[in-house]
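J.: Before anything else, here's the structure in question.
Only the coordinates and a few stated rules stand behind these numbers; no lab work does. All of these numbers come straight from a predicted model, not from anything done at the bench. Neighbour counts run over all protein chains shown; Cβ positions are idealised from the backbone, glycine included.
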Amino acid sequence: METAVHLNPQERGARLAELDLTEAILKEAVQSGFAQWAACTPNHPPSYPGFSAWSETVKSLRDLLVPRAWFASNESNLPYTVNSQGTMAIAAATGDEATGIADLTPCTRSSKGPRTAKAVAANNRQLSLFPVEVTPDELAHITGEGRRMTWLLLFYRDLEKREVRFELSRPTKINEDGKVAAWIERILFDSFSIDGDVIDLPTTPSPSEGVINIEVKRRA
């Protein structure tokens, strides 16, 4: 199934407005998560920087959206932020190096649990209700009445390019490794620069939702 990709500022702004979201809100949530990650030191436990970045992204997104009548929902320990109509839920996740790049297909960095798999399956059930003649852009705007679509706020820290890339995307497939690997719709944003000097950060995927184990070493 072809993916609808919203890339230019006018197009993505219009799509976000339909979803009662703004680019500024999503960027601030991801920036808050990165700031938490960057504040970690070698004395933190190895798993903490990635976990704290993910947690702060979730918390910041809720801080910004709850005043707009969204609400927090922790379902089977997977934290969603849900719109007032209950038709859209956002979860945060770390992506791979393809995150934020239009001509590549990103995957989540870590394998996901059964709750994420169930949400992706629900997305597919809704999309299957509509005829194949529907274009990717038309299909991207469809949400079944009374049903909920799950989106991922996907972010990736590119330490070589010194930037953080992020996107808001709607998943449709989990691969054999348990990672989200296909999307019906992607809203891509401009990256933001990484400040400071951070080097030598080997990463190891964690089995936990949204968690990456990171050893942080800073320049003297």
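J.: When you count, for each residue, the other Cβ atoms within 10 Å and take the mean per peptide, how do 164-174, 13-23, 57-67 rank with the highest first?
T.: 164-174, 57-67, 13-23
J.: Multiplying the sequence separation of Glu28 and Asp190 by 0.36 nm and subtracting their Cα-Cα distance, what value in nm do you get?
T.: Computed gain between Glu28 and Asp190 is 57.1 nm.
J.: From the phi angles alone, apply the Karplus equation (6.51, -1.76, 1.60; θ = phi - 60°) to the stretch 50-60 and give each ³J(HN,Hα) in whole Hz, x where the residue is Gly or Pro.
T.: Result, rounded to whole Hz: x, 5, 5, 5, 4, 4, 5, 4, 4, 4, 5.
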